[in-house]
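Engineer: Here it is, the structure, as structure tokens.
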Amino acid sequence: DKAGHKHFMSKEIAEQPVVVAEAIRSYLPTGSDRVNLPGENLDFSKLDRLTMVACGTAFYACLTAKYWFEQLAKMPVEVDIASEFRYREPPIPGRTLALFVSQSGETADTLAALRYCEGKADKIVSVINVPESSIARESDLALPIHAGVEIGVASTKAFTCQLAVLLMLALKAAADRGTMTDEELSDHAAALRGLPTALNTALDQNRPIRKAAQRLSEARDVLFLGRGLMYPLALEGALKLKEISYIHAEGYASGELKHGPIALIDKNMPVVVMAPRDALFDKTVSNMQEVMARKGKVILVSDDDGIAEAEDGVWATIRMPHIHSSLSPILYAVPAQLLAYHTAVAKGTDVDQPRNLAKSVTVE
Ligand code: M6R
């Protein structure tokens, strides 16, 4: 049942304020600023490091979480693609938490990576959407993301729910390890509770996003740029676009632009810049200006302050509400998803069942 939507993907994008709210409610009980995990409790003060393993969009959720665990909980984090991790067979030092992220809980490489960690890592934890899945069953602790059934092959609401749960896990780690003040923890809890409203505001930008997508649908290649927490989101935006619209897209850390990809920029190259007005904004804007100086066509995704400061000469702008900087990748996922969706619709591709892809990759 597509609930009046043309595709499951658009229904699932639209559901995000509700499912993300559900995920937040279940880990952050009303009236408390402390994260509560279901089932067995985890004590991060007894752990020294984190190894996160996943595939595809779930891997990008892990890359985002690396920033959170490092910045908020001061924990060293390794992030790996499951198919690389399992055959590389990396050493797992003591006091390591191995964390596996998977919507389906059945991804073959992720499951094999989990089995490799059995008996080596101190604890095996998974962040999953399907509670009765193999990955959930074989973990010491399985944390549900509460996204509900996801049917579109392109993962959307599972990604934002994974991010919400991973951020709350990082806050729990910070509280256990004493790396954040009570006030900082309360700030984050309040910001999380405001997130569903912000996601709704982002969804209201559907029309300008569709207009920008109309332009993107003419492109042969598209570049996505971001810094800090926006870098993994640039990778995710590019993956979304290529998998459903079949347009070649790449995500890059803005700072890498001059180490190669700038050679690609000309008047035919749209560049999507994900840049909330945060501490790294000026740096990203200077990369964006390098793109425009070479006639690249910039789609700037930012907030009021960012757009007021940097919109001169850009091709299109997409306006997001202002948000606590830790939460920006969750919010900015919405325009990334909608851009891909409307581009695919404009091209007439099969949005929910893109060619050559399966929802769950249970074979290598
Ligand atoms: O079920 P999983 O989360 O383990 O799946 C991982 C990837 O196969 C998945 O995220 C894939 O990249 C999506 N099609 C991306 O939209």
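The values are calculated or read from the model by the stated rules, or taken from the named source; none is laboratory data. The model shown is predicted, which means the values in this text are computed figures rather than measured ones. Backbone-built Cβ (ideal geometry, glycine too); neighbour counts: all protein chains shown. Please note that ligands, DNA and RNA were not included when accessible areas were found on the heavy atoms of the full protein model with its side chains. Shrake-Rupley method; radii C 1.70, N 1.55, O 1.52, S 1.80 Å.
Engineer: Determine whether the stretch 179-189 contains at least one residue that is open to solvent by less than 30 Å² (accessible area, probe 1.4 Å), within 16 Å of the ligand (Cβ to nearest atom) and either aromatic (Phe, Trp, Tyr) or touching a residue at least 60 places away in the same chain (Cβ under 8 Å) (or both).
Structural biologist: Initial filter on the stretch 179-189 (open to solvent by less than 30 Å² (accessible area, probe 1.4 Å)): 180, 185, 188-189.
Still in the list and also within 16 Å of the ligand (Cβ to nearest atom): none.
Within the stretch 179-189 (the criterion being open to solvent by less than 30 Å² (accessible area, probe 1.4 Å), within 16 Å of the ligand (Cβ to nearest atom) and either aromatic (Phe, Trp, Tyr) or touching a residue at least 60 places away in the same chain (Cβ under 8 Å) (or both)), the answer is no, since none of the residues qualifies.
Engineer: With respect to Arg95, determine if the residue is of a type outside the set (A, V, I, L, M, F, W, C) and either farther than 30 Å from Glu184 by Cβ or touching a Pro at 6+ places or on another chain (Cβ under 8 Å) (or both).
Structural biologist: Values: of a type outside the set (A, V, I, L, M, F, W, C): yes; either farther than 30 Å from Glu184 by Cβ or touching a Pro at 6+ places or on another chain (Cβ under 8 Å) (or both): no.
No, not satisfied.
Engineer: Quick one: how many residues across the stretch 283-311 are assigned to a helix (DSSP H, G or I) and over 27 Å from Leu185 (Cα atoms)? Outline the logic, then answer.
Structural biologist: The initial filter retains those residues of the stretch 283-311 that are assigned to a helix (DSSP H, G or I), namely 283-293, 304-310.
Add one more test, that the residue is over 27 Å from Leu185 (Cα atoms), and what stays is 283-293, 307-310.
Residues flagged as assigned to a helix (DSSP H, G or I) and over 27 Å from Leu185 (Cα atoms) within the stretch 283-311 amount to 15.
Engineer: Same structure, new question: Starting from residues that are farther than 21 Å from Gly348 by Cα and in a loop (DSSP other than H, G, I, E, B), keep the ones in the stretch 232-267 and report whichever is least open to solvent (accessible area, probe 1.4 Å).
Structural biologist: The first filter runs over the stretch 232-267 and keeps only residues farther than 21 Å from Gly348 by Cα, leaving 232-236, 250-267.
Right, trim to in a loop (DSSP other than H, G, I, E, B) and you get 260, 265-267.
Values: Gly260: 39, Ile265: 17, Asp266: 68, Lys267: 119 Å².
This residue is Ile265.
Engineer: For Val153, work out the one condition from (1) surrounded by fewer than 18 Cβ atoms within 10 Å (Cβ to Cβ); (2) aliphatic (A, V, I, L, M); (3) at pLDDT below 95 it doesn't fulfil.
Structural biologist: Exception for Val153: condition (1).
Engineer: May I ask you to list the residues in the stretch 49-70 that are out of contact with any Asp or Glu (no Cβ under 6 Å at 6 or more places or on another chain), more than 9 Å from the ligand (Cβ to nearest atom) and either over 14 Å from Leu233 (Cβ atoms) or part of a strand (DSSP E or B) (or both)?
Structural biologist: Arg49, Leu50, Met52, Phe69, Glu70
Engineer: Might you let me know whether the stretch 102-112 holds any residue that is open to solvent by 40 Å² or more (accessible area, probe 1.4 Å) and under 19 Å from Thr57 (Cβ atoms)?
Structural biologist: From the stretch 102-112, those open to solvent by 40 Å² or more (accessible area, probe 1.4 Å) are 106; that's our starting set.
Of the ones still in play, those that are also under 19 Å from Thr57 (Cβ atoms) are 106.
Taking every residue of the stretch 102-112 in turn, at least one turns out to be open to solvent by 40 Å² or more (accessible area, probe 1.4 Å) and under 19 Å from Thr57 (Cβ atoms).
Engineer: Just to be sure I understand the filter: pairs with C-beta atoms under 9 Å, separated by 6 or more residues or on different chains, first member in the stretch 129-143 and open to solvent by 60 Å² or more (accessible area, probe 1.4 Å), second member part of a loop (DSSP other than H, G, I, E, B) and within 13 Å of the ligand (Cβ to nearest atom). Which pairs pass?
Structural biologist: Pro131/Gly105; Glu132/Gly105; Arg137/Gly105
Engineer: Please go through the stretch 122-164 and give me each residue that is among the small types (Gly, Ala, Ser), within 12 Å of the ligand (Cβ to nearest atom) and assigned to a loop (DSSP other than H, G, I, E, B), ordered by number.
Structural biologist: The answer is Ser133, Ala147, Gly152, Ala154, Ser155.
Engineer: Hey, another quick one. Gln214 passes all but one of (1) farther than 17 Å from Ile318 by Cα; (2) of a type outside the set (D, E, K, R); (3) open to solvent by 60 Å² or more (accessible area, probe 1.4 Å); which number fails?
Structural biologist: (1)
Engineer: Only one residue in Val314, Val334, Val351 is in a loop (DSSP other than H, G, I, E, B), more than 14 Å from the ligand (Cβ to nearest atom) and of a type in the set (Val, Ile, Thr), so which one is that? Working first, answer last.
Structural biologist: On the way: Val334 fails: in a loop (DSSP other than H, G, I, E, B); Val351 fails: more than 14 Å from the ligand (Cβ to nearest atom).
From the options Val314, Val334, Val351, the qualifying one is Val314.
Engineer: Looking only at residues that are at positive phi and of a type in the set (Lys, Arg) in the stretch 66-99, which one is surrounded by the fewest Cβ atoms within 10 Å (Cβ to Cβ)? Walk me through it before giving the result.
Structural biologist: From the stretch 66-99, those at positive phi are 74, 89, 95; that's our starting set.
So of that shortlist, the ones also of a type in the set (Lys, Arg) come out as 74, 95.
On the way: Lys74: 13, Arg95: 11.
Per the criteria, the residue is Arg95.
Engineer: For a quick check of your reading of the model, give me the residue pairs whose first member lies in the stretch 343-362 and is touching a residue at least 12 places away in the same chain (Cβ under 8 Å) and farther than 23 Å from Ala54 by Cβ, whose second is more than 13 Å from the ligand (Cβ to nearest atom) and open to solvent by 50 Å² or more (accessible area, probe 1.4 Å), with beta-carbon atoms closer than 6 Å and at least 6 apart or on different chains.
Structural biologist: From the stretch 343-362, the pairs are Ala346/Gln214.
Engineer: Is there any pair with a first residue in the stretch 97-113 that is more than 10 Å from Ile128 (Cα to Cα) and a second that is among the aromatic types (Phe, Trp, Tyr) and within 9 Å of the ligand (Cβ to nearest atom) whose Cβ atoms are under 8 Å apart and which are 6 or more apart or on different chains, and what are they?
Structural biologist: Once the first residue is more than 10 Å from Ile128 (Cα to Cα) and sits in the stretch 97-113, its partners that are among the aromatic types (Phe, Trp, Tyr) and within 9 Å of the ligand (Cβ to nearest atom) give Thr110/Phe100; Ala113/Phe100.
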